[in-house]
Amino acid sequence: QVEVVESGGGLVQAGGSLTLSCTASGRSFSRFATGWFRQAPGEEREFVAHISWSGASTQYAESVKGRFTISRDNAENTVHLQMNSLNPEDTAVYYCAGDPWGRATIRSSDYDYWGQGTQVTVSS
C-alpha cells in the first residue's frame, strides 16, 4: 500500500512562484517514476511533468516548459515541483502520481498511485 500526499499549494499572484511537494509512505517511492498532473474546473486532467526514479530523466508539458522544474530527493521519498512565473491559466488542482513500473509517461492511466491533490490558485 502506498499513500501519496501533496503539499505546498495556495494562492499566489501572477508572476509569483510556488513549490509543491509530494511524499509517499509504504513501498519505496524512490523506485517509482513520478508525475505531476493538474485539473482545472471543467477540464480534463492533464500532464504537467514527470521524472524517472533516478531523477536522470524529466519531461514537461509545453505549457510549463521553462517555468516549472521537477526534482526528487530519494533519501526523503519526496518529489518537488518548482513553479515560477505563474499565470492564471496555471490555476488547477495539482496531483502527484507514482508509477512502480518506472515508465515515466505522460498518460495518467500509467500511474497506479495518486494523491488527493493540492489547490493552486493564481490571481491576475
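The values are calculated or read from the model by the stated rules, or taken from the named source; none is laboratory data. Treat the numbers as computed from the prediction; the structure is a model and nothing was measured. Please note: Cβ atoms are built from the backbone with ideal geometry, for glycine as well, and neighbour counts cover all protein chains shown. These area figures cover heavy atoms from the full protein model, side chains too; ligands, DNA and RNA do not enter into them. Shrake-Rupley method; radii C 1.70, N 1.55, O 1.52, S 1.80 Å.
Quickly run through the range 94-112 and pick out the residues that are buried (at least 19 other Cβ atoms within 10 Å of the Cβ) and among the aliphatic types (A, V, I, L, M). Steps first, please.
In the first step, residues of the range 94-112 are kept if they are buried (at least 19 other Cβ atoms within 10 Å of the Cβ); the result is 94-99, 104, 111.
Correct list: A97, A104.
Taking the range 74-91, which residues are open to solvent by less than 60 Å² (accessible area, probe 1.4 Å), out of contact with any strand residue (DSSP E or B) (no Cβ under 6 Å at 6 or more places or on another chain) and without any contact (Cβ under 8 Å) to a residue 60 or more places away in the chain?
N74
Take the conditions modelled with pLDDT under 95 and on the phi < 0 side of the Ramachandran plot and apply them to P88. Does it pass?
Considered against the rule, which asks whether it is modelled with pLDDT under 95 and on the phi < 0 side of the Ramachandran plot, P88 comes out as no.
In the range 4-41, which residue that is polar (S, T, N, Q), surrounded by 13 or more Cβ atoms within 10 Å (Cβ to Cβ) and closer than 13 Å to W53 by Cβ is modelled with the lowest pLDDT? Even if it seems obvious, please write down each step before you answer.
To start, the set of residues in the range 4-41 that are polar (S, T, N, Q) comprises 7, 13, 17, 19, 21, 23, 25, 28, 30, 34, 39.
Filter once more, so that each one left must be surrounded by 13 or more Cβ atoms within 10 Å (Cβ to Cβ): 7, 19, 21, 23, 30, 34, 39.
With closer than 13 Å to W53 by Cβ added as a condition, the list becomes 30, 34.
On the way: S30: 87, T34: 96.
Per the stated criteria, the residue is S30.
Restricting attention to the range 42-55, and to residues there that are small (G, A, S) and either over 16 Å from A104 (Cβ atoms) or exposed (fewer than 15 other Cβ atoms within 10 Å of the Cβ) (or both), which single residue is farthest from the chain's Cα centre (by Cα)?
Out of the qualifying residues, it is G42.
Does the range 83-99 contain at least one residue that is over 19 Å from R31 (Cβ atoms), more than 13 Å from the chain's Cα centre (by Cα) and not in a loop (DSSP other than H, G, I, E, B)?
Within the range 83-99, one or more residues are over 19 Å from R31 (Cβ atoms), more than 13 Å from the chain's Cα centre (by Cα) and not in a loop (DSSP other than H, G, I, E, B).
Can you name every residue in the range 56-73 that is surrounded by fewer than 19 Cβ atoms within 10 Å (Cβ to Cβ) and assigned to a loop (DSSP other than H, G, I, E, B)?
Across the range 56-73, the qualifying residues are A56, S57, A61, E62, S63, K65, G66, R67.
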